[in-house]
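Visitor: Okay, handing you the structure first.
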Amino acid sequence: MRTVCGLATARGFAVGPVFVYRGDGDIPIPEYVVESGREGEELARLRRALNETKRDLESLVATLRARTGRADAKIFECHLMILEDSVLCRETEKHIREDRVNAEAAVRRTADRARSMFERMNDPYFRERVRDLDDVERRLLKNLLGFAANPHVELKTPSIVVADDLTPSETVQLPRALVLGFATNGGSATSHVALLARAMGIPAVTGLGDITALVEPGETILLDGTGGTVIVAPDASAIREFRDLVERQKEISEEAVTGAPAGTLRDGGRVKLYANLHPGAPLEDVKSLGARGVGLYRSEYLWLNKEAEPSEDEQYRAYREVVEFAKTLSSEASVTIRVLDIGGDKMVRGISQRGEVRQREANPFLGNRSIRYLLSNKAVFRTQLRAILRASVHGRVCILYPMISCIEELRQAAAVLADVRAQLDAEGVPYDRDVPVGAMIEVPSAAINAAALAKHVRFFSIGTNDLVQYTMAADRGNESVAHLYQPTNPAVLRLMRHVIDVAKKQGISVGVCGESAADPLVGVLWAAMGIDILSMSATYIPVMSKLFSKLTRADLDEYLAAVDAIGDEATGEETMARCREWMLSKIPDLDNIVF
Ligand code: PEP
Ligand code: MG
């Protein structure tokens with residue numbers, strides 16, 4: 001039994017067989033055990049991919065011979081020989097037949113063995129062949145993946161997905177019902193895979209280093225997304241313990257949210273608990289989990305997995321769907337649609353390929369992203385605003401601008417919005433003339449200058465995922481700087497206090513839509529500071545609601561005073577420890593509530 005430590009990314013527990021994606025540059029390779037009786041299909045896929053790869057190589061050889069003569073072509077002739085080597089082919093087939101693994105895993109195993117054989121040879125010529133082998137393997141794997149209509153649907157039995165890292169688009173393609181948990185080598189607690197795992201209610205541990213190298217497809221592992229560990233080769237008693245935890249977790253999330261609306265304090269006061277959603281997010285449980293509105297709709301997911309821009313009508317349909325849905329949540333419900341927030345770690349294929357947001361930007365987190373992209377691509381911005389305004393006739397909609405860093409951006413965005421409204425007026429297209437416009441506060445400059453920004457907007461939504469990243473200069477997706485990524489660092493707390501105080505003074509609403517809203521200690525702290533709306537993955541609403549139901553406004557004041565008392569010289573961790581200590585003094589069974 002071996003415990004591997006990573007970052008607690010999405011709470012919860014899982015026990016199950018491994019489905020592994022081993023990264024190969026830009027292509028993740030799925031490796032799994034195939035159902036008994038399906039070996040023939042894998043053998044057929046292998047044969048098709050071998051033929052395809054052979055054709056690719058032959059045509060490459062022919063082209064090179066015509067263009068540059070024999071020398072260059074020779075390399076690929078050698079690749080053809082490797083590909084057609086009968087020993088390697090037989091060995092790969094044997095892995096499929098006897099180990100019952102998918103074709104990709106079989107190719108990997110054969111190549112790994114041949115590689116280690118070549119590497120042990122004294123002759124430099126043979127050692128050099130390792131590179132050729134790598135090349136052939138990559139070509140073959142690419143063709144194999146091309147043959148599977150969608151490699152992600154190869155996930156056939158409930159499994160824990162283990163990967164180097166997963167992009168948001170890969171994650172959303174996985175069949176939710178079959179993913180028991182995520183364990184990744186890289187990533188951090190606020191990476192986009194993490195956000196999706198939470199939205200899907202799937203436990204996840206990220207930043208595990210080399211977990212993909214420690215597991216074999218099909219073997220049972222244990223995953224603790226609350227503590228941030230994965231147990232490889234567990235013994236029977238650990239498996240039993242985890243099965244119990246999984247059961248307990250199910251009971252807690254199924255405990256009905258009864259009586260008062262979610263977010264009601266013990267003295268009847270309220271904190272609005274809203275859901276963070278995105279196009280394609282499962283909606284079925286959002287209402288029963290207690291969400292009273294949609295505090296953040298991440299529209300960029302409409303752009304994922306697409307070569308082309310989503311049309312105005314396509315966007316309108318998506319926005320209308322969520323707006324109609326929100327009306328079922330509560331009479332007060334609104335949907336805050338955030339305009340396209342791409343760039344940084346959210347690369348969108350269609351757009352980045354057109355070169356407008358360059359993957360090559362030396363520093364994409366500080367680059368042409370989010371509102372900056374929209375203001376330099378006004379046609380995209382206008383289309384989106386039109387679609388949002390058209391959807392506003394179906395329910396209460398708010399428009400949210402991401403990554404605002406200065407007042408100019410708000411002025412320019414207001415001009416575009418005024419243009420779009422004039423155009424709709426001219427066309428006689430109806431829309432809600434009172435749609436509130438808000439700014440995300442996720443860049444320190446916006447937080448510092450909040451008083452000026454507040455004059456231009458009706459609400460603030462604080463994006464702590466990015467605000468912490470930019471304040472601490474610690475990449476939210478980089479596990480090696482995760483220790484610096486602390487929402488309770490005194491500098492972050494000061495910014496939070498300032499933004500909330502400004503909003504209160506100027507009479508505008510202020511919410512938090514970053515993941516910290518769902519952290520039992522930190523989310524309650526934001527509420528104590530005066531936050532009106534905490535917006536989070538709906539799966540966390542029951543726990544937060546239960547916590548609030550045990551506290552009064554006077555308790556929240558006391559909590560804030562206890563945190564304030566610790567002062568600016570405390571570390572983020574010390575502050576967290578103080579928060580926990582206070583919370584335990586009020587709610588002794590805290591650990592039974594917070595899973
Ligand atoms: C944030 O930065 O906190 C936020 C909610 O936006 P995203 O996570 O989508 O960047
Ligand atoms: Mg953000």
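The values are calculated or read from the model by the stated rules, or taken from the named source; none is laboratory data. Here the structure is a predicted model, which is why all the values come from computation and not from measurement. Cβ: placed from backbone, ideal geometry, glycine included. Neighbour counts: every protein chain shown. SASA here: full protein model, heavy atoms, side chains in, ligands and nucleic acids out. Shrake-Rupley method; radii C 1.70, N 1.55, O 1.52, S 1.80 Å.
Visitor: Give me a count of the residues in region 202-230 that are open to solvent by 20 Å² or more (accessible area, probe 1.4 Å) and either outside any loop (DSSP other than H, G, I, E, B) or within 14 Å of A8 (Cα to Cα) (or both).
Guide: Step one: list which residues in region 202-230 are open to solvent by 20 Å² or more (accessible area, probe 1.4 Å), which gives 209-210, 213-214, 216, 218-220, 224, 226-227, 229.
If we keep only those that are either outside any loop (DSSP other than H, G, I, E, B) or within 14 Å of A8 (Cα to Cα) (or both) as well, we get 209, 213-214, 220, 224, 226-227, 229.
Of the residues in that region, 8 qualify.
Visitor: Being farther than 20 Å from R317 by Cα, in a helix (DSSP H, G or I) and not basic (K, R) is the filter; apply it to region 373-411 and report the residue that is most open to solvent (accessible area, probe 1.4 Å).
Guide: So the residue we want is E408.
Visitor: Assuming L265 fulfils every condition listed in (1) touching a residue at least 60 places away in the same chain (Cβ under 8 Å); (2) hydrophobic (A, V, I, L, M, F, W, C); (3) closer than 13 Å to I388 by Cβ apart from one, which condition is it?
Guide: Condition not satisfied by L265: (3).
Visitor: Name the pairs: first residue in region 420-446 and in a helix (DSSP H, G or I), second residue within 14 Å of ligand 2 (Cβ to nearest atom) and at pLDDT 95 or above, Cβ to Cβ under 8 Å, at least 6 apart or on different chains?
Guide: If the second residue must be within 14 Å of ligand 2 (Cβ to nearest atom) and at pLDDT 95 or above, the pairs left are P444/L467; P444/Y470; P444/T471; S445/S405; A446/I404; A446/S405; A446/A439; A446/M440.
Visitor: Ok, one more. Please enumerate the residues belonging to region 455-485 that are of a type in the set (D, E) and part of a loop (DSSP other than H, G, I, E, B).
Guide: D475, the sole residue that qualifies.
Visitor: Further, regarding this structure: Considering only residues that are at pLDDT 95 or above and in contact with an Asp or Glu (Cβ under 7 Å, 6 or more places away or on another chain), which ones fall in region 556-594?
Guide: K586
Visitor: Which residues, taken from region 4-27, are open to solvent by 30 Å² or more (accessible area, probe 1.4 Å), more than 30 Å from E77 (Cβ to Cβ), at pLDDT below 90 and not aliphatic (A, V, I, L, M)?
Guide: R11
Visitor: Check off (1) surrounded by 16 or more Cβ atoms within 10 Å (Cβ to Cβ); (2) in contact (Cβ under 8 Å) with a residue 40 or more places away in the chain; (3) away from ligand 1 (no atom under 16 Å from the Cβ) for A414 and give me the number that stays unchecked.
Guide: (1)
Visitor: Which residues, counting only those in region 370-407, are within 16 Å of ligand 2 (Cβ to nearest atom) and more than 24 Å from F325 (Cα to Cα)?
Guide: Of everything in region 370-407, those that are within 16 Å of ligand 2 (Cβ to nearest atom) and more than 24 Å from F325 (Cα to Cα) turn out to be S370, I371, R372, Y373, L374, M403, I404, S405.
Visitor: Could you pull out the residue among V429, V437, V468, V457 that is within 16 Å of ligand 1 (Cβ to nearest atom) and of a type in the set (A, V, I, L, M, F, W, C)?
Guide: Among V429, V437, V468, V457, only V468 is within 16 Å of ligand 1 (Cβ to nearest atom) and of a type in the set (A, V, I, L, M, F, W, C).
Visitor: Provide a single number: the residues in region 288-313 that are more than 16 Å from ligand 2 (Cβ to nearest atom), under 23 Å from the mean Cα position of the chain (by Cα) and acidic (D, E).
Guide: 2
Visitor: Every residue in region 329-345 that is at pLDDT 95 or above, away from ligand 2 (no atom under 16 Å from the Cβ) and polar (S, T, N, Q), please.
Guide: Result: S334, single match.
Visitor: Now for a different question. Which residues, taken from region 509-524, are away from ligand 1 (no atom under 16 Å from the Cβ) and among the hydrophobic types (A, V, I, L, M, F, W, C)?
Guide: Result: L521, V524.
Matching residues to (1) within 26 Å of I399 (Cα to Cα); (2) touching a residue at least 12 places away in the same chain (Cβ under 8 Å); (3) within 26 Å of the chain's Cα centre (by Cα):
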position: T488; (1), (2), (3): no, yes, yes
position: D501; (1), (2), (3): yes, yes, no
position: S537; (1), (2), (3): yes, yes, yes
position: D568; (1), (2), (3): no, yes, no
position: M576; (1), (2), (3): no, yes, yes
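Visitor: Report whether or not Q469 is within 21 Å of S405 (Cα to Cα) and surrounded by fewer than 23 Cβ atoms within 10 Å (Cβ to Cβ).
Guide: No.
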